[in-house]
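Q: My questions will all concern the structure given below.
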Amino acid sequence: MILVCVTDQKTSSRLIIAGRKLADIKQTPLKVICVRPKQAASWLASDEVEYLYNTSKQQDAEMIVLFNVDPMRATIDYIDKNKVKFIVTGIPPEAGYSAFIAGLEENFPHIPVVTVDHQGNLQKLSPVHTA
């Protein structure tokens with residue numbers, strides 16, 4: 001399975017669309033995960049979640065929404081329990097570094113992390129990223 005990690009922003013739709021392209025190439029299912037703080041339960045009724053849910057549906061992807069105080073831990077637990085072949089995220093916001101992506105790479109060195117740029121292009125991260 002391809003697992004796309006999204007935030008609560010409508011711009012995350014480009015990640016879902018890019019994830020679909022990768023899932024088609026690899027001939028594997030596509031799932032989308034979003035982890036929100038526990039106090040954000042009202043977010044389920046937001047325009048953003050509806051938009052991301054509809055994008056997931058259009059891309060034939062299951063969308064999973066988890067509520068947890070620790071998004072990294074929740075995502076790691078989900079990956080541990082599922083057969084994930086690739087992880088798709090957005091590009092790191094700060095000069096090529098993301099603690100979230102570094103944590104995924106550290107915990108799952110055998111699973112490629114692929115980022116999606118602002119134009120929707122997929123790119124594989126270098127293993128040096130976590131250094």
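Here, each number is a calculation from the coordinates, and none is a lab measurement. Fair warning: this is a prediction, and the values are worked out from it, not measured in the lab.
Q: Determine the percent antiparallel among the DSSP beta bridges restricted to the chain, to the nearest 5. Please report the intermediate quantities before stating the final value.
A: Details: 4 of 21 bridges.
Here the share of antiparallel DSSP bridges comes out near 20 percent.
Q: Then there is this: Translational diffusion coefficient, Stokes-Einstein: compute it for segment 1-106 using the Kirkwood radius over C-alpha pairs as Rh, at 25 °C and 0.890 mPa s, and state it as an integer in µm² s⁻¹. Please list the in-between numbers first.
A: Details: Rh = 14.0 Å.
The Stokes-Einstein estimate is 175 µm²/s.
Q: Hey, another quick one. Count the lysine pairs in segment 1-72 whose Cα atoms sit under 15 Å apart, keeping only pairs 8 or more residues apart in sequence or on different chains.
A: Working: K10/K57; K21/K31; K21/K57; K31/K57.
The result is 4.
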